[in-house]
Structure formats: structure tokens, C-alpha cells
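These notes are about the structure you will find just below.
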Amino acid sequence: MGTIIDDARTHLARLDSEPLRAVDSLILSAAAYFDLSPMAGVRARRPGVRIGDLARAENYDRYFAHVLKPQDGHRLLTAMAANPRFRDVRVFSYTTETSIDEQKQFCAVSFALGPHLTYVAFRGTDASLVGWKEDFNMSFQYPVPAQRRAAAYLDHVAAHRRGQIIVGGHSKGGNLAEYAAAHARAPVRARLGAVYNHDGPGFPDDALDQFSPVRHIFRKTVPQSALVGLLMSSPRRARVVRATTNGILAHYPYTWRVEDGDFVDSPLNKDARGFDRRLTRWLAAHPRDEAELLIEALYGVATSSSTETVPEMVAAFAADLPFFARSFTSMGREAHAVLRGAILDLLPFPSR
């Protein structure tokens, strides 16, 4: 067994000689985390830049800023650039937008896999605090700005490409892919071949009917200790994939196991099932305004420091501990009560 890096290195059949696989989708979704802003050509609608040429440009300091382990991003790009399956694929319409005022973090990129086949990939959450805030907003707000932007982006790409379109993404990117597919214009929806959600969250129960026309082409995958992919309700049941690790680190796409060109199946482990039950129970028992109150309070604490990204906040936490403690103390009484209740409900304390 290997990983997506091993598959990108060894599966050499050209994309025009066999159907796109779920593993290919995860590879392209992982590539959507590459920061391609130094490459002017990828922002064009067409023809874009060959993946082989991305590797030759060697903007490695920028490319992998959004990859948890930059060396994994480097190995994946190197493998893709050397592989006849990917090296001539053209990358185009790279778009990235972040707005603190709108609480929006959005990034998407498209891949011309052939003259009549396009893969549209939406990036998951980056390290910005506003990106994580938008993720949490999904628990009480629908749609969030990135979801609306994803539908507009898909319509835009479809207007400049012919043939079939496949949509996908990892983490929040998978959620955006499903939303965009359901809310794109009708002629665009008719051209969709598949929609891949790789361990992305679902949607509010009262929104699921909106996905009925396209959910038959949805393909969702989650790791065996899924947490993110079990959040809220999914329009389609997920396939469970073995990962090299457990817990939240199994969310990282480079840990997913691949063998003979396909994911290795696995049962969902008991910790993931337990968290899913506790979260479902908590959301059912608490109105959305309580979730909003809790998230707004925590975001206020996070942004009251001088940090702008999650790694910066973690690195500064020890030095800023008194500051963070004062910020928590200054929370309103209602927010304190909601936070305490959420911790008791969601964490698996032995007494519960």
C-alpha cells in the first residue's frame, strides 16, 4: 500500500485513456492547496500552465505555504510533473480571495485534463483565522460567502470550456464542490460527470432537498477516524478509507492509503462514531443562535490578539496566555454557559 504521492509517481496511464478515478480527484484536490499566485499564467481562463512547467518554475517557497507538511507538497508536484498522466495537464483560472469583512476564505483552480474534460478543484480551509471562522459559521449560516462564490466560479469556468466537468475538493473544498454543483446554472449541471467531497462537512438538514437533482453523481470519502467529514448532514453516504494515522491527522489527504489504483476501504472507528453521535445530539438540542453565540465569542478571543493565522496564534499562545485568559473572562455570562455546556456534551468524559 502507498499514498497519493506513490500513486502519482507510479500510475502512468494517461488521463485520456481511462476514466478519472477517486484517487485522481484527491490528488488534484491536494494540488489545489498549492499557492500558485507567483505564476501569472494560471490566472488566465486559458490555456493556463502545464503542471510540468509549474515544477520547473521552482517557486517552492510560495507553492506549499498552505500544505501542512511542505515536503509532501513538493513530492506530489514532482511526481505529477514527471508522470505522463499529469505533466501535460494545464492549470488555469487560479482564484484566491480572503475578506475579513465578509468572513470569507475562497480559493479554486481548474485543470484541463483534455480538450473536453475539466476538473474544477476547490481548496479547503487555509491557516487564516477568518478561514476557520467561515468553517464554523456553516453550523448556523447557510449559505456562507465561499459557497456562493463557488457556484459563481463553476459557472464562469464552464462558460470557457467545452465538454464534461468534474468537480471536487478536500475538507471545506469538498463542501464547496457539492454546493457549487447543486447551485450552478442548469446547463452547467447537465455537464457534470461527478462531484467529489473528500472529508468535507455536510449541510443543514433543511437544505438537503436542494441537492436532490445532482446527488446521484456525488462521491464522498472520509478516513476511518473521520471528524470533519461527519459534521452536519451529507446528501450522499460516504465511503470510508484507511489512513496511516488516527484522530484529526487522518483528515490530512497525504495519509490516505492507496493500493492498485484505488483507496483501501476501512470501517469507521468507534471514536469517530462516538463524536458523530455527540455532535448530532448537541446540534439537535441547541438552537442555531447558541452555536452562533459560541463561535462569535471564541472568534472574538482569537482575533483580539495580534495574530492572523492559526499557527501564529498557537505559537503565541504561551506568551499571550494571560491575555487570552482575560479575553475568556470578559466573555458574557451567556457565552460562558454555552461554552461550558458544549465542552461537557462534546468531549468524551468518563462520567458521561
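The values are calculated or read from the model by the stated rules, or taken from the named source; none is laboratory data. All values reported here derive from a predicted model rather than from experimental measurement. Methodologically, a virtual Cβ is constructed for each residue, glycine included, from the backbone with ideal geometry; neighbour enumeration extends over all protein chains shown. With ligands, DNA and RNA removed, areas are computed over all heavy atoms of the protein, side chains included. Shrake-Rupley method; radii C 1.70, N 1.55, O 1.52, S 1.80 Å.
Values for this structure:
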| item | result |
| --- | --- |
| Matching option when the condition is acidic (Asp, Glu), more than 21 Å from the chain's Cα centre (by Cα) and at pLDDT below 95, among 260, 206 | 206 |
| Filter result (assigned to a loop (DSSP other than H, G, I, E, B), in contact (Cβ under 8 Å) with a residue 60 or more places away in the chain and either within 28 Å of residue 182 (Cα to Cα) or of a type outside the set (A, V, I, L, M) (or both)) within the range 243-265 | 244, 252, 257, 261 |
| Subset of the range 36-63 [out of contact with any Pro (no Cβ under 9 Å at 6 or more places or on another chain), small (Gly, Ala, Ser) and part of a helix (DSSP H, G or I)] | 40, 52, 55 |
| Complete set of residues in the range 80-97 that are out of contact with any Lys or Arg (no Cβ under 7 Å at 6 or more places or on another chain), open to solvent by 20 Å² or more (accessible area, probe 1.4 Å) and more than 15 Å from residue 11 (Cα to Cα) | 95, 96 |
| Search result, residues across the range 36-78 that are within 14 Å of residue 91 (Cα to Cα) and among the hydrophobic types (A, V, I, L, M, F, W, C) | 36, 39, 40, 42, 44, 49, 51, 54, 55, 57, 77 |
| Every residue from the range 140-178 that is among the aromatic types (Phe, Trp, Tyr) and under 17 Å from residue 45 (Cβ atoms) | 153 |
